[in-house]
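A short write-up of the structure that comes next.
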Amino acid sequence: QVQLVESGGGLVQPGGSLRLSCAASGSIFSFFAMHWYRQAPGKQRELVASITSSGSTNYVNSVKDRFTISRDIAKNTVYLQMNSLRSEDTAVYYCNADSITKSFWGQGTQVTVSS
């Protein structure tokens, strides 16, 4: 069973930066895509950023030019670098990995943007 463990969340002031990490228990090459989602209180879970096995990336419009998804294959880890954070970025951020047969989720990490 694949396990995904997120880390790096916390409290940051508007305009600040955080880097989230998602460490997988197995090779991330076994997934055809990995994603970061977020869920704010009272809102539906939202896809924020994706990276495919070939390295292609995609972002929701609200985070383009501020967030960057990347991966370290040797460490089986996917990252989300978040810059110029805004209050509306406050949410629980989840890592998700898609294999051919299953989708796996991490437990989430809280990001709070507040002065």
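The values are calculated or read from the model by the stated rules, or taken from the named source; none is laboratory data. Because the structure is a prediction, the values reported are computed rather than measured. Glycine gets a Cβ as well: all are built from the backbone with ideal geometry, and neighbour counts include every protein chain shown. The area values use the complete protein model at the heavy-atom level, side chains included, leaving out ligands, DNA and RNA. Shrake-Rupley method; radii C 1.70, N 1.55, O 1.52, S 1.80 Å.
If you go through the range 58-69 and pick out every residue that is among the hydroxyl-bearing types (Ser, Thr, Tyr) and exposed (fewer than 14 other Cβ atoms within 10 Å of the Cβ), you end up with 1.
Within the range 79-95, can one find any residue that is of a type in the set (Phe, Trp, Tyr), within 11 Å of the chain's Cα centre (by Cα) and under 18 Å from residue 1 (Cβ atoms)? Yes, that holds for at least one residue.
Could you grab me the full set of residues in the range 61-115 that are assigned to a loop (DSSP other than H, G, I, E, B), out of contact with any Leu (no Cβ under 7 Å at 6 or more places or on another chain) and of a type in the set (S, T, N, Q)? Once the filter is applied, which keeps residues that are assigned to a loop (DSSP other than H, G, I, E, B), out of contact with any Leu (no Cβ under 7 Å at 6 or more places or on another chain) and of a type in the set (S, T, N, Q), the range 61-115 yields 76, 83, 84, 90, 99, 101, 107, 115. Filtered by the rule that a residue be open to solvent by 80 Å² or more (accessible area, probe 1.4 Å) and farther than 13 Å from residue 77 by Cβ, the range 1-56 gives 1, 11, 13, 32, 41, 42, 43, 44, 45, 54. The set of residues in the range 74-106 that are exposed (fewer than 12 other Cβ atoms within 10 Å of the Cβ) and out of contact with any strand residue (DSSP E or B) (no Cβ under 7 Å at 6 or more places or on another chain) comprises 74, 88, 100, 101, 102. Take the conditions (1) closer than 17 Å to residue 1 by Cα; (2) without any contact (Cβ under 8 Å) to a residue 24 or more places away in the chain; residue 70 misses just one of them, which is (1). Contact map, the range 30-42: residues that are closer than 11 Å to residue 4 by Cβ paired with residues that are of a type outside the set (Lys, Arg) and not in a strand (DSSP E or B), Cβ distance under 7 Å, separation 6+ or inter-chain. Pairs shown: 31/53; 31/99; 34/28. Does at least one position in the range 19-26 carry a residue that is basic (Lys, Arg), under 24 Å from residue 113 (Cα atoms) and in contact (Cβ under 8 Å) with a residue 24 or more places away in the chain? Scanning the range 19-26 turns up at least one residue that is basic (Lys, Arg), under 24 Å from residue 113 (Cα atoms) and in contact (Cβ under 8 Å) with a residue 24 or more places away in the chain.
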